[in-house]
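Each remark here refers to the structure printed beneath this line.
The values are calculated or read from the model by the stated rules, or taken from the named source; none is laboratory data. The model shown is predicted, which means the values in this text are computed figures rather than measured ones. Cβ placement follows ideal geometry from the backbone for every residue including glycine, while neighbour counts extend to all protein chains displayed.
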Amino acid sequence: MNTKSLSLHVPEPTTRPGDAPDFSYIDIPNAGSVRRPDIHCDPQAMRDLAFDLIRVMDDEGNAVGSWNIELSNEVLIKGLHDMLKTRIFDERMLMAQRQGKTSIYVQCRGEEAIACAQRAVLEKGDMCFPTYRQQGLLIAQDFPIEAMICQIYSNAKDKLGGRSLPFFYSEKEFGFFSISGNLGTQFMQAVGWAMASAIKGDTRIASGWIGDGATAESDFHAALVFASVYKPPVVMNVVNNQWAISSFQGIAGGSANNFACRGHGYNVPALRVDGNDYLAVYAASQWAVERARSNLGPTLIEWVTYRAAAHSTSDDPTKYRPENDAESWPLGDPIERLKTHLIAKGAWDDARHNAMIDQLKTEVKAAAKEAEKHGTLGKGPVPGAAEMFNHIYKELPPHLRKQRQEAGV
Amino acid sequence: MNTKSLSLHVPEPTTRPGDAPDFSYIDIPNAGSVRRPDIHCDPQAMRDLAFDLIRVMDDEGNAVGSWNIELSNEVLIKGLHDMLKTRIFDERMLMAQRQGKTSIYVQCRGEEAIACAQRAVLEKGDMCFPTYRQQGLLIAQDFPIEAMICQIYSNAKDKLGGRSLPFFYSEKEFGFFSISGNLGTQFMQAVGWAMASAIKGDTRIASGWIGDGATAESDFHAALVFASVYKPPVVMNVVNNQWAISSFQGIAGGSANNFACRGHGYNVPALRVDGNDYLAVYAASQWAVERARSNLGPTLIEWVTYRAAAHSTSDDPTKYRPENDAESWPLGDPIERLKTHLIAKGAWDDARHNAMIDQLKTEVKAAAKEAEKHGTLGKGPVPGAAEMFNHIYKELPPHLRKQRQEAGV
Amino acid sequence: MNTKQQDKDLASGKHIPRKNMLEAIRDALDIKLGDDENVVIFGEDAGYFGGVFRATEGLQKKYGKSRVFDTPISELGIIGAAVGMAAYGLRPVPEIQFADYILPAFDQIASEAARLRYRSAGEFTAPITIRAPTGGGIFGGQTHSQSPEALFTHVAGLKTVIPSNPYDAKGLLIAAIEDDDPVIFLEPKRLYNGPFDGHHNRPVTPWSAHETSKVPEGHYTVPLGKAAVTRTGQEVTILSYGTMVHVAKAAAEETGIDAEIIDLRTLLPLDDETIATSVRKTGRCVVVHEATKTSGFGGELIAIVQELCLNYLEAPIERVTGWDTPYPHAQEWDYFPGPDRVGAALKKVMEA
Amino acid sequence: MNTKQQDKDLASGKHIPRKNMLEAIRDALDIKLGDDENVVIFGEDAGYFGGVFRATEGLQKKYGKSRVFDTPISELGIIGAAVGMAAYGLRPVPEIQFADYILPAFDQIASEAARLRYRSAGEFTAPITIRAPTGGGIFGGQTHSQSPEALFTHVAGLKTVIPSNPYDAKGLLIAAIEDDDPVIFLEPKRLYNGPFDGHHNRPVTPWSAHETSKVPEGHYTVPLGKAAVTRTGQEVTILSYGTMVHVAKAAAEETGIDAEIIDLRTLLPLDDETIATSVRKTGRCVVVHEATKTSGFGGELIAIVQELCLNYLEAPIERVTGWDTPYPHAQEWDYFPGPDRVGAALKKVMEA
Ligand SMILES: Cc1ncc(C[n+]2csc(CCOP(=O)(O)OP(=O)(O)O)c2C)c(N)n1
Ligand SMILES: Cc1ncc(C[n+]2csc(CCOP(=O)(O)OP(=O)(O)O)c2C)c(N)n1
Ligand SMILES: [Mg+2]
Ligand SMILES: [Mg+2]
């Protein structure tokens, strides 16, 4: 019998404040090196793909390999536009929060490619179940950003009447399920929605979203179990941005350093993809969407990316990771990379890029100004207290009617 | 875009009542064909073991292959004794339930090898977190069965004072954690106990237990996440007896038809083992226990076996599976197989076998008689109503003191 | 009991079949599966086998595996799937095998199903009916006997319903399924097959002799949010629901105290008018439930009664409930608040 | 407030440091980590970073990664691990990042931690203190503002504690950690840093001017199960806890009604003696909490008060609570039961 003392293993990130950034823990294969299986491939026969990293753009910005599905310039420029707009929108809202126009804001800086490219692949009628970091799903559909800002400001034109946290959108018509504050719950719901679509013999599919940290939640497992059993049409996206507030991905992922392979235990095919490569995100999403739409069932995709900013406006990442860490992130910045690709293709240049930025800044600023006319958090023509009593039930039951009276609203 | 209708996939077992049994869905490799890696093996480098089936006894009862650790006759005869005693005990208690001496009973018929052999490998001080089907863990330690029966009868000598369901034992001194009615919860607790042992620099390890059906519960995932992260000394046992009440294993497992591979997503090494082969259970348990004790962390083991009887005395399996299904189970009966092995070894014969059965029947009967003197459910000197108010808190708080008074007990 | 449909049937000379509670529930499910193709049923063992209590027996065969199916043992998954399906537009009726096992799904119920309408301003809704057997009386021990209804009544956005007899069970269940908000539908398992006349150790009157076992064929509803006065009386009001309604009746008859018994049927939204009218008349009130006492629904009932009727009260309101202990196995009937305890409370309020 | 230790310190001329509630809590954790090597702390972001509210800041550095560590985002796992650790013999003090997120762990709390002692007849116990920030007031919206205490008070086997000030927070937390039963320790997040004098839109008196911010160094306890009379009065008794104690004080002062304010501190087990003594004296009672009304802990309090004091009551007991709605974001202060609403209730009971 071994009588040596046991000890607890507590994972630590490679670096902490004051250290030089070190991302050596991530293996980065060459772009184009990963094979592209047929969508009918047996999940067991493509297990290698969970341990690899699908990349399409090489260092020079050329699209290479079997995952290069040769997207048109039009599609790519739209992608660039969507990502830029998302970033500019985030920047503006960050500022608005600092100015007290809202209570809290969450950016998706550095992760724009993922939501924008997947949305480009989905059809109208498909339903996404996002977390708070997928504003790109709306922006990529040219959803009116003024409406988003009105909600962020909890103002008179906030269609949710001030009830919800600023960026907890709900846009059914745009295939955007109401965001919840409880991590993970929506991942299981996405599977339920997809089951419903299958039950009804529909053609629409669901897309579920979850962060690396939240994969530890029970809903992640439930979602995979149900996906495994009923094979509903759902794309299961894990956005591994390496952090969950102050906890690095090893706290949810253990030593596996991999979330794609979680799918294997459930016989769900899994892809691991460079999430900062718009072309790779597009191609991998298309593969999974096609599988789903062909009644072949769920696909789990780990998007490897980096949370380039603070968790939220309430967070200070310099307390737990090296400052400017993001600049050393080996997969680069999704916007810069797509720009480089377009320029390499001869379809883009700095001048057009800067013009696009200027135009988007103007557009976002104008929308913010317009929104502000309808008030900002607690200031101006904000939603009344009566809103608080609406939509709890379809009809206000007697006890709530009494309470509303008592509240004098 | 594909516009073909989707449809829901609902798994079905291969057979239903009236059909001839069909276990063709289970691949059974030859005994001795599976390699035995070193306990230091990287989990990634032994992924094949989750898709194989460790077996030691061949059809003639010979022990073969690298998992044959050449157990002594003494150990094997003790194993046979433990399994027989467990079965005879179960049979007696089944009868007692039919006679109204208790409210419900759950047998482990056909699964005796798993708990009995693993317990033989564990040390005193190690802690098991069992489900309701691991009575073998107590019996293999020669735990006094009269005490078990007193509890089953909820009688005056039931040390749990009649509070708990009949077979929900709690035997700390025997490394048997208090059974819960809520499926799965104990699996996570086993990991927590093992973390505590590691935190304290102890040498004791934990052994967690869960059924195939209950792996769908959230606790299973939480347990694996925590095991993956903190690498505590725990053996994580999944008893795949093919059924969860009326649901066959595909309802929890999907098309993977495999629970061992669930470990891979968490980088937890996994074994898949013939659970009706006492030698295989012993050897695989020893491997995992050694890993744990050497501070190498958790091991997930799927024990492939068959629930040969009804789920419980409240269940009627002829409603959902072919009658006498168990007789066709391709991995046979664990007692018969060990007996065959011992006879093949020249260490056993029918006469000794029958003598052992007779002696155990006498022993169990005597214990039951003795226990019955102290009452049976609701009859005789049963635990009083006052017991109901004990052990809710360390000290009875005022409101409960009042309630006890009101109850007049 | 809402006897309108029964009256109509009787008037028309139609024969009304007798059903036990389980049959009434199965009938309701059958009717809704038949008349609304968005209704789907699923749960552990609920498909092929028809559930461990057999409430869904035969329904998979009749409506197919896409409408009635088995699920993995994940209560979280069952309710989470239901929320997603409801967001799609279905009307899921998931079964939780025992109410004791609903807690792993509590977050999906309380944070998700209950608030989906609110947080999306009505864009997404969750018309889900969660069925679960509740209460003790079958020697189920700590984990097959609990009555968790109070927890759900604390959650804005949910409705909570507990029937006490076959007629109501069918009508309330149909109403719950047709309701556009999530409903927790707790079925007293002690009443599933046999009836219960308050005592576990005395012979019972069979369902066939209970008026409430007349369950008309076809579609009818018992409205949510309406209590029933199941016994009129002048001296004291008993507020109760589920199994305990029968205990209350036994207590009233055995003590000879002229109690008015109100079967709440729906706990949330609560029919406080019927309650207040009765207590103002009788001036006395006893609240009876099987769940543990502290923060049980009885506390809420007392708070409401004292608010609406304090000046009419001639005695403190009494609470008869399960003790504040886990549900014991061998001492089941010591735990269970039977007619003797209710009778004692009736006497106490009468003497005050 | 139990001021014994303060009195002793003052008598000995010792300087008593001022602490805000967060510092007081951190101090308690530090002391217990220091004096009992079986105490371990863990939770989401609770290790290296010290928690999103920074309650455990610096503790990992001081006591090492085996005593204070980060966990995966699984509340179920956090509490399940704690139960296993407790069964081993440790005394875990897990942190749940927000009380809103405790629901995924509800089954491990209510079915496991709370009942482990019972079902093993004392062989295994669960001396776990679950810390979680509770309540609103920081524009946290539906999922960072809730007050789920009532749910826990319905579970036999749990104790539930909510401090309202730094002195109590430290003493109660040490007592909770030393208690041999599982304790739900809810920390009103609105009080963590700044104090709160009842109004969100008026300047506050800094902690340093609050007597209760005198937090003696070293070990002391405030016993569980004992309420504190934080304001003596003759006309009406206000029962409250946590943030609302300060609202009650503001209401009493602003209305000029001579209210006796009882800070319950422990909800279960409840100090009903202190409550009854006060209400029998004043003859009137107002119950105040931030949680939603229906089946909130206020219902239980009213049930108890009317049982113990009905003949003394000169008016129906009033309840001032959060509305029965999810916690809204923009309307936070319309939802929050502030001094005006409490004041109105005080006037109402005085006029009745
Ligand atoms: C059930 C639950 N537990 C805890 C939290 C608090 N919380 C909010 S975000 C967050 C980190 C999430 O990390 P990850 O899933 O990686 O997503 P990311 O923020 O990186 O996009 C935590 C712990 C929560 N919202 N819900
Ligand atoms: C949380 C929870 N949900 C449901 C049940 C009801 N139940 C008891 S045993 C059982 C089947 C368990 O099957 P499995 O895990 O395969 O174990 P086995 O009975 O085959 O040993 C179910 C659904 C329960 N006890 N706990
Ligand atoms: Mg993350
Ligand atoms: Mg099983």
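Here is a check on your reading of the model: is residue A:260 near ligand 1 (Cβ under 10 Å from one of its atoms), facing chain B (nearest Cβ under 9 Å), buried (at least 24 other Cβ atoms within 10 Å of the Cβ) and closer than 21 Å to residue D:71 by Cα?
Against the criterion (near ligand 1 (Cβ under 10 Å from one of its atoms), facing chain B (nearest Cβ under 9 Å), buried (at least 24 other Cβ atoms within 10 Å of the Cβ) and closer than 21 Å to residue D:71 by Cα), residue A:260 does not qualify.
If residue A:123 passes every condition in (1) under 30 Å from residue C:37 (Cβ atoms); (2) within 13 Å of chain C (Cβ to nearest Cβ); (3) among the acidic types (Asp, Glu) but one, which one does it miss?
(2)
How many residues does region D:53-69 contain that are more than 9 Å from chain B (Cβ to nearest Cβ) and within 19 Å of residue A:244 (Cβ to Cβ)?
8
On the given criteria, is residue A:183 in a loop (DSSP other than H, G, I, E, B), crowded, with 24+ Cβ neighbours inside 10 Å and either outside the structural domain of residue A:314 (by TED's automatic domain parsing) or not aromatic (Phe, Trp, Tyr) (or both)?
Spelling it out, residue A:183 is indeed in a loop (DSSP other than H, G, I, E, B), crowded, with 24+ Cβ neighbours inside 10 Å and either outside the structural domain of residue A:314 (by TED's automatic domain parsing) or not aromatic (Phe, Trp, Tyr) (or both).
Just a yes or no: is a residue in region A:225-234 within 16 Å of ligand 1 (Cβ to nearest atom) and either in the same structural domain as residue A:322 (by TED's automatic domain parsing) or modelled with pLDDT of 95 or more (or both)?
Within region A:225-234, none of the residues are within 16 Å of ligand 1 (Cβ to nearest atom) and either in the same structural domain as residue A:322 (by TED's automatic domain parsing) or modelled with pLDDT of 95 or more (or both).
Out of all the residues in region A:3-31, which are over 24 Å from residue A:60 (Cα atoms) and either more than 14 Å from chain B (Cβ to nearest Cβ) or exposed (fewer than 15 other Cβ atoms within 10 Å of the Cβ) (or both)?
Scanning region A:3-31 gives A:3, A:4, A:5, A:12, A:14, A:15, A:16, A:17, A:18, A:19, A:20.
Given the criteria over 18 Å from residue B:130 (Cα atoms), at pLDDT 95 or above and not aromatic (Phe, Trp, Tyr), does residue D:145 qualify?
Judged against the criteria, residue D:145 is a match.
Every residue, every condition in (1) touching a Pro at 6+ places or on another chain (Cβ under 8 Å); (2) in contact (Cβ under 8 Å) with a residue 12 or more places away in the chain, yes or no:
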site	(1), (2)
A:179	yes, yes
A:185	no, yes
A:197	yes, yes
A:202	no, no
A:206	yes, yes
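Determine, yes or no, whether residue C:110 is within 16 Å of ligand 1 (Cβ to nearest atom), in contact with a His (Cβ under 9 Å, 6 or more places away or on another chain) and within 13 Å of chain A (Cβ to nearest Cβ).
Yes: the conditions hold for residue C:110.
Among A:351, A:310, which is the only one that is farther than 23 Å from residue A:144 by Cα, within 16 Å of ligand 1 (Cβ to nearest atom) and either surrounded by 15 or more Cβ atoms within 10 Å (Cβ to Cβ) or without any contact (Cβ under 8 Å) to a residue 12 or more places away in the chain (or both)?
Answer to the check: A:310.
From the list B:307, B:293, B:321, which residue is away from ligand 3 (no atom under 16 Å from the Cβ) and within 14 Å of chain A (Cβ to nearest Cβ)?
Within the list B:307, B:293, B:321, the selection yields B:293.
Which of the residues that make up region A:226-257 are free of Cβ contacts under 8 Å to residues at least 12 places away in the same chain and either in a strand (DSSP E or B) or not β-branched (Val, Ile, Thr) (or both)?
A:256
When you scan region C:222-269, how many residues do you find that are assigned to a loop (DSSP other than H, G, I, E, B) and surrounded by fewer than 24 Cβ atoms within 10 Å (Cβ to Cβ)?
13
Of everything in region C:128-161 that's within 14 Å of chain B (Cβ to nearest Cβ) and assigned to a helix (DSSP H, G or I), which residue is nearest to residue C:326 (Cα to Cα)?
C:142
Mind counting the residues in region A:209-249 that are within 12 Å of ligand 3 (Cβ to nearest atom), acidic (Asp, Glu) and facing another protein chain (nearest Cβ under 9 Å)?
0
Quick check on region D:70-98: of everything there that is over 24 Å from the mean Cα position of the chain (by Cα) and away from ligand 1 (no atom under 12 Å from the Cβ), which residue is farthest from residue C:75 (Cα to Cα)?
D:89
Filter region B:1-54 down to the residues that are touching a residue at least 60 places away in the same chain (Cβ under 8 Å) and under 30 Å from residue A:233 (Cβ atoms) and list them by number.
Those that are touching a residue at least 60 places away in the same chain (Cβ under 8 Å) and under 30 Å from residue A:233 (Cβ atoms): B:11, B:12, B:13, B:15, B:16, B:25, B:26, B:47, B:50, B:51.
When only residues in region B:205-225 that are of a type in the set (Ser, Thr, Tyr) and in a helix (DSSP H, G or I) count, which is farthest from residue D:77 (Cα to Cα)?
B:215
With respect to residue B:134, determine if the residue is outside any loop (DSSP other than H, G, I, E, B) and in contact with a strand residue (DSSP E or B) (Cβ under 7 Å, 6 or more places away or on another chain).
Taking the combined requirement at face value, the residue does not satisfy it.
For region D:278-286, does any single residue satisfy the condition of being within 8 Å of another protein chain (Cβ to nearest Cβ), within 23 Å of the chain's Cα centre (by Cα) and not in a loop (DSSP other than H, G, I, E, B)?
No, there is no match, as no residue in region D:278-286 is within 8 Å of another protein chain (Cβ to nearest Cβ), within 23 Å of the chain's Cα centre (by Cα) and not in a loop (DSSP other than H, G, I, E, B).
Search region B:134-150 for residues being surrounded by fewer than 24 Cβ atoms within 10 Å (Cβ to Cβ) and not hydrophobic (A, V, I, L, M, F, W, C), and hand back the single one that is farthest from ligand 3 (Cβ to nearest atom).
B:146
Residues in region B:89-104 that are at negative phi and in contact with a strand residue (DSSP E or B) (Cβ under 9 Å, 6 or more places away or on another chain): how many?
Looking only at that region, the number is 4.
Return the only residue of A:247, A:255 being away from ligand 2 (no atom under 16 Å from the Cβ) and surrounded by 24 or more Cβ atoms within 10 Å (Cβ to Cβ).
None of the others qualify; the one that does is A:247.
Conditions tested, residue by residue: (1) within 16 Å of ligand 2 (Cβ to nearest atom); (2) surrounded by fewer than 21 Cβ atoms within 10 Å (Cβ to Cβ); (3) over 30 Å from residue B:36 (Cβ atoms).
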| site | (1), (2), (3) |
| --- | --- |
| B:306 | yes, no, no |
| B:334 | yes, no, no |
| B:344 | no, yes, no |
| B:369 | no, yes, yes |
| B:373 | no, yes, yes |
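Would you mind finding the one in A:201, A:211 that is near ligand 1 (Cβ under 9 Å from one of its atoms) and assigned by TED's automatic domain parsing to the domain that holds residue A:134?
Only one candidate qualifies: A:211.
I'd like the full set of residues that are among the small types (Gly, Ala, Ser) and part of a helix (DSSP H, G or I), limited to region C:56-102.
The answer is C:77, C:80, C:81, C:82, C:84, C:86, C:87, C:99.
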